[in-house]
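Down below is the structure, laid out as structure tokens.
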Amino acid sequence: MTAASSSLPPGFEELEGFVSYWVLDSNDQRRAARSTAEMDDIQRFYDAIVARAEQAIVHCEQFTLGQMPPASERLFKLLLAMNHAAIAVEMHGEPRAFDSTWPSAVRITQGPWPHGGRI
Amino acid sequence: MSAVIEKPAQTPNAGRHVIDEQSFTHAAGLSTGPVSVEPYRSPAFFELERERVFKRAWLCIGRVEQLPQENAYFVKDLEIWKASVLVTRGKNNKIRAFHNVCSHRGNLVVNQTCGVAERLVCRYHNWQYRNDGELIGVPDQKHFFDLDKKTCGLTPISCEVWEGFIFLNHQSKPEVSLAEFLGPFGTRYAGIPYFNLDETIVIQADFKANWKLIADAFAEPYHVPSLHPATLAPGFAHPEQNRYARPLSAMAHGIHRHFSAYGNPDYVPAPTSKVEQLVYVQDTGGVLGGDDSGNAAALTAHPAINPTKDRSWSADVTWIFPNFNIDYSTGGFWTHEFWPVAHNRTQWTLKIYIPKTMSIRHRLQLEHYACRWAEVVLEDVTNCERIQRGLESGAKDTMILQDAEMLIRHSLHVLDKWVKADHVADALS
Ligand code: FES
Ligand SMILES: [Fe+2]
């Protein structure tokens, strides 16, 4: 993929393959994405985003929270999704808690601002 | 029907661990035998709870910040009362509560969950009420028969505020005031600084288990190492010093209660936990501390908080009878509302009070905090639905509680009193 066709800021093209699955608008959607993903896919996303996390944070820090250009906002949402991938990789070693049921009755009905969402 | 089996304490067998005078259970004056599980599975007991507990106790339904300005209102459905409740902030900031029911033909007046309005209009025939409950407008009034608007206001609900928490009572003339109801708890826990009130993370679940099962899950840390091995155990237990996450203290305060949770003072994220290392501000004294904004010192200095002033403290869980928790940590506080719907169905709301997002890194930390919490409650909710099935099978008639589960024993003891007492004063004694 060329830089011109990437939906992410220049320099972050290698993360493009994760945009369609992991760029989501709310905390609850990101949690659902991780909870229903395959562990291999979560691990691939985790490895890729963790490797670029510092640079991505520095990039996003140029902008006021809640007022990023679309490409940077997508990158920021990948960073938000990184936390959910970390629950699977760093805590459980599987997509969600041992023996938990899914779909689950538990919902994050209000997440932190911005991009936390409200149900 | 009884929530507590009246049996003398069993003599411990020789060789078994004998709980010494440090026993929280003995200190609270509770018996130590097995307790009945009937209150968790009996539809008849559930109806007793509805009439004798939830329709006589003061129930916390929110905080004053949910009414941020004059004329703000919010609506809350209380399934246990089969009622829709309207809470308003009127002139002079007076907070009032009403049944959200029109005097004309019983329609629900307000159908927004919250908003700002001095006048509230029932959309069936446009009867108009002021937010102090007065009926102020009736279209085509002249065709009614002797209509006296003054007697046709919204039906008020008794409403009192303690430390910013709004409590309602279903009795039209409550037998006891909120202060009497809170008793020693209300005085002991007065004056605690509430901070990080700017925003909330809200986690909710509507699930198939008795309301007390989820309340019980937050009343004891004994299950932390086993049910939450990855999400909580590293921060709230210690492989040598406190393997079973024994509480630092656990006490009854009248009909209410608290326990202080241990926090592993040596906790740091594992070297392999790259994201946790990246996003966490490691100065909060516990993995559930969302932020430390300097208010923590005032909180930890309060005599009610961490009463033994133990260094390895992480959080205090307080359980206000019957169905409300306020939990305090150095990172802020959170509340639980456990709302019964049926003997085997509960609607639960966890509100975590957080500071306004300050930076990109802070926002990432809050996301991690929210998703760790959601994972913890996923573990608890899944488990509660299993326990409900276990209890409803009829295989067991009792459960066996250890000392760290004292709050559950106290809850059932108080519940039993309320169910049996004809007067609230007797249930408080
Ligand atoms: S029922 Fe409310 S105006 Fe008729
Ligand atoms: Fe739990």
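The values are calculated or read from the model by the stated rules, or taken from the named source; none is laboratory data. Note that the structure is a prediction, hence the values are computed from the model and not measured. Glycine also receives a Cβ, built like all others from the backbone with ideal geometry; neighbour counts cover every protein chain displayed.
Taking every residue in the range B:114-128 that is under 11 Å from B:Gln69 (Cα atoms) and in contact (Cβ under 8 Å) with a residue 40 or more places away in the chain and pairing it with any residue that is among the small types (Gly, Ala, Ser) and surrounded by 14 or more Cβ atoms within 10 Å (Cβ to Cβ), at least 6 positions away or on another chain, the pairs with Cβ-Cβ distances below 6 Å are B:Val116/B:Ala72.
Which ones in the range B:83-125 are among the hydroxyl-bearing types (Ser, Thr, Tyr), within 12 Å of ligand 1 (Cβ to nearest atom) and crowded, with 18+ Cβ neighbours inside 10 Å?
Of everything in the range B:83-125, just one residue is among the hydroxyl-bearing types (Ser, Thr, Tyr), within 12 Å of ligand 1 (Cβ to nearest atom) and crowded, with 18+ Cβ neighbours inside 10 Å, namely B:Ser103.
Condition check ((1) at the interface with chain B (Cβ under 8 Å from one of its Cβ atoms); (2) surrounded by 19 or more Cβ atoms within 10 Å (Cβ to Cβ); (3) within 14 Å of A:Phe18 (Cα to Cα)) across all residues:
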position: A:Ile57; (1), (2), (3): yes, no, no
position: A:Glu61; (1), (2), (3): yes, no, no
position: A:Leu65; (1), (2), (3): yes, no, no
position: A:Pro70; (1), (2), (3): no, no, no
position: A:Leu79; (1), (2), (3): yes, yes, yes
position: A:Ile87; (1), (2), (3): yes, yes, no
position: A:Ala105; (1), (2), (3): yes, yes, no
position: A:Gly111; (1), (2), (3): yes, yes, no
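For B:Asp310, the criteria (1) more than 16 Å from ligand 2 (Cβ to nearest atom); (2) among the acidic types (Asp, Glu); (3) more than 9 Å from chain A (Cβ to nearest Cβ); (4) touching a His at 6+ places or on another chain (Cβ under 9 Å) hold in every case but one, which is (4).
Answer yes if at least one residue in the range B:242-251 is farther than 19 Å from B:Asn306 by Cα and crowded, with 19+ Cβ neighbours inside 10 Å, and no otherwise. The answer is no; no qualifying residue exists.
Does B:Lys351 fit the bill of being in contact (Cβ under 8 Å) with a residue 60 or more places away in the chain and within 30 Å of A:Gln62 (Cα to Cα)? Spelling it out, it is not the case that B:Lys351 is in contact (Cβ under 8 Å) with a residue 60 or more places away in the chain and within 30 Å of A:Gln62 (Cα to Cα).
Applying the criterion of being β-branched (Val, Ile, Thr) and surrounded by fewer than 21 Cβ atoms within 10 Å (Cβ to Cβ) to the residues of the range B:285-325, the residue that is modelled with the highest pLDDT is B:Thr308. If you scan the range B:358-397, which residues turn out to be under 30 Å from A:Gly66 (Cβ atoms), more than 8 Å from chain A (Cβ to nearest Cβ) and among the β-branched types (Val, Ile, Thr)? Result: B:Val376, single match. Note on the range A:18-40: residues that are assigned to a helix (DSSP H, G or I) and in contact (Cβ under 8 Å) with a residue 12 or more places away in the chain total 14.
Taking the options B:Ala374, B:Ala342, B:Ala404, B:Ala395, name whichever one is closer than 30 Å to B:Trp418 by Cα, of a type in the set (A, V, I, L, M, F, W, C) and within 16 Å of ligand 2 (Cβ to nearest atom). If you could, list the steps in order and put the result at the bottom.
Details: B:Ala374 fails: closer than 30 Å to B:Trp418 by Cα; B:Ala342 fails: within 16 Å of ligand 2 (Cβ to nearest atom); B:Ala395 fails: within 16 Å of ligand 2 (Cβ to nearest atom).
One residue alone meets the criteria, B:Ala404.
Pairing each residue of the range B:378-400 that is free of Cβ contacts under 8 Å to residues at least 60 places away in the same chain with any residue that is away from ligand 2 (no atom under 16 Å from the Cβ), provided the two are 6+ apart or on different chains, yields C-beta distances under 8 Å for B:Gly390/B:Lys396. Taken as a whole, the condition of being in a helix (DSSP H, G or I) and of a type in the set (A, V, I, L, M, F, W, C) does not apply to B:Leu401. Within the range A:90-119, the set of residues being within 19 Å of A:Gly66 (Cα to Cα) and of a type in the set (D, E, K, R) comprises just one member, A:Arg118.
This table checks each residue for (1) crowded, with 22+ Cβ neighbours inside 10 Å; (2) within 14 Å of chain A (Cβ to nearest Cβ).
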position: B:Asp198; (1), (2): no, yes
position: B:Ala205; (1), (2): yes, yes
position: B:Ala219; (1), (2): yes, no
position: B:Asn264; (1), (2): no, no
position: B:Val268; (1), (2): no, yes
position: B:Val279; (1), (2): yes, yes
